[in-house]
Amino acid sequence: MIEISALAFRNRGFACLILLLIPSFLLADEPIWKPVLQGNANDWPAWRGPEGTGVALAKTAPTKWNEQENIAWETSLEGWGDSTPAIVGEHVFVTLQNESNELRLIRLNAETGEIDRNILVDQAETPRTAPKRKTQKFHNLHNLASPSPVVSGNYVVAHFGNGTLATYTLDGEKVWQHNLQQEFGEYSIWWGHANSPVVYDGLVISVCMQDSLSDLQDEPAKSYLVAHDLKTGAQRWMTMRMTGAPAEEADAYTTPLLLKKDGKTQLVVMGGNTLDAYDPATGKQLWFLPGLVGGRTVTGPIVADGKVFTTRGMRKPLLSVKLDGNQGELTEDAIEWEVDKSTPDTPSPVYANGMLFTVTDDGIAHCYRAEDGELLWRERLGGNFKASPIVAAGNVYYLNIDGKCTVVAAKDSFELVAENELKDTTIASPAVAGGKLFLRGKAKLYCIGK
């Protein structure tokens, strides 16, 4: 760190000039909480991209394509899942479940689409029938391959809805494997476990948020966060997260979000009618905002401008929570604004240029001013949506379940850039890496852009 004494420069203009010449990495961290960059900015190493917010940091991304044009490659995967691909350098990683109920981690060449690793991780059947509130019963739209893989350094972590958590080297060598259901109890989440892991400073952090069944049995089902050593698989910490939310309101399918300020990192979690944060190194809870009553939570939180934006479950209000020295239990004063109507049930929000972009499950896109929640525009896109929108190269990408992707300028008035369509079922959220767009359909994985 370079320190410049005010006494050293009596000319303020000269002092300001010197400060401008100092590289940004030598200055103090940003004064507000910001998302943590995970890996290379040009990659898409995990669910919702390099910062976990659905924003591609790459400078370019294709905006127009169809079945015959601007498709670099398309590859049949011989199995399906709703996990988003993780793309790092020349590798694309994706998980799937096939007709033989094999849970596989696939590695493809990012340039050619050729499958060069096809790893059998485990074998399990997707529960489709179950007693109400006793065990998980998967929704028909997904299977055991819904959690997205995450790449960190020379390792790739795969997680599946049967509880299997495994780490491999980038070359496909198995490092370690656990099963969280076997170790911590069967999942009781109503519609099938789908939370993706995150990696922080050599730790693989997994979250389980589910119906406690406390009114049905003496020992409640656990909701928790757990961290394993990335290289060895040893458990480093475990923190219970029993929010008291009843029945399905305790269920959450969200992925934690890493934030950083002044050299300190927080892990933000949304679900069980509660928004809270933890020290990712120890699992200690730092602050919590209870009383966000809604229902089971699918939409994950994002952060921008020092605020967390999230949606209460079951299409309840979209809200903005300020991050300013939060500690302990927060009150409603932490909520800066709420939007009560036409909020998404499944797709997470995305931020760009001071605005928040959302899409409802029935296809109505909204743009809000992030500062105060004012609606700037509203447009019906058509179709039904499960994939979360992403932002890339100044545009918002909205992908519906029928393969139609509507590209809209990230502006305060609706401006259609392009409408594109593939003949496939698209539940997984898009990814952008190396100037190309990756769309995962039920039949194929597509790389768009030449």
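The values are calculated or read from the model by the stated rules, or taken from the named source; none is laboratory data. Treat the numbers as computed from the prediction; the structure is a model and nothing was measured. Every residue, glycine among them, receives a Cβ derived from its backbone with ideal geometry; neighbour counts consider all protein chains shown. Heavy atoms of the whole protein, side chains included, go into the accessibility calculation; ligands, DNA and RNA do not. Shrake-Rupley method; radii C 1.70, N 1.55, O 1.52, S 1.80 Å.
Listed values, structure above:
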| read-out | value |
| --- | --- |
| Residue in region 180-198 that is assigned to a helix (DSSP H, G or I), open to solvent by less than 10 Å² (accessible area, probe 1.4 Å) and at pLDDT 95 or above present | yes |
| Failed criterion for Arg48 (all others in (1) open to solvent by 30 Å² or more (accessible area, probe 1.4 Å); (2) within 18 Å of the chain's Cα centre (by Cα); (3) of a type in the set (Lys, Arg) hold) | (1) |
| Index of the failed condition, Glu415 passing every other in (1) under 19 Å from the mean Cα position of the chain (by Cα); (2) free of Cβ contacts under 8 Å to residues at least 12 places away in the same chain | (1) |
| The lone exception for Ser148 - which of (1) open to solvent by 20 Å² or more (accessible area, probe 1.4 Å); (2) under 16 Å from Gly441 (Cα atoms) it fails | (1) |
| Verdict on Gly263 being at positive phi and either in contact with a His (Cβ under 9 Å, 6 or more places away or on another chain) or open to solvent by 40 Å² or more (accessible area, probe 1.4 Å) (or both) | yes |
| When residues of region 104-141 are limited to those that are within 23 Å of the chain's Cα centre (by Cα) and closer than 27 Å to Leu216 by Cα, the one surrounded by the most Cβ atoms within 10 Å (Cβ to Cβ) | Gln136 |
| Boolean, Asp229 is closer than 20 Å to Pro347 by Cβ, among the charged types (D, E, K, R) and modelled with pLDDT of 95 or more | no |
| Which listed residue, of Met209, Met240, is open to solvent by 10 Å² or more (accessible area, probe 1.4 Å) and of a type in the set (A, V, I, L, M) | Met240 |
| Qualifying positions in region 53-83 - of a type outside the set (Gly, Ala, Ser), surrounded by 20 or more Cβ atoms within 10 Å (Cβ to Cβ) and touching a Lys or Arg at 6+ places or on another chain (Cβ under 8 Å) | Pro62, Leu77, Trp80, Asp82 |
| Residue that is surrounded by the fewest Cβ atoms within 10 Å (Cβ to Cβ), among those in region 155-179 that are closer than 25 Å to Leu141 by Cβ and touching a Gly at 6+ places or on another chain (Cβ under 8 Å) | Asn179 |
| Search result, residues across region 397-428 that are open to solvent by 10 Å² or more (accessible area, probe 1.4 Å), within 19 Å of Asp362 (Cα to Cα) and assigned to a loop (DSSP other than H, G, I, E, B) | Ile401, Asp402, Phe414, Asp424, Thr425, Ile427 |
| Single residue of region 223-237 satisfying the filter (in a loop (DSSP other than H, G, I, E, B) and more than 18 Å from Pro290 (Cα to Cα)) that is most open to solvent (accessible area, probe 1.4 Å) | Lys231 |
| Segments classed as strands (runs of 3 or more DSSP E), wholly inside region 284-379, with at least 2 members that are free of Cβ contacts under 8 Å to residues at least 60 places away in the same chain and open to solvent by less than 10 Å² (accessible area, probe 1.4 Å) | 285-289, 307-311, 318-322, 355-359, 364-369 |
| Of all residues making up region 238-280, the number that are over 19 Å from the mean Cα position of the chain (by Cα) and either assigned to a strand (DSSP E or B) or closer than 18 Å to Leu323 by Cβ (or both) | 7 |
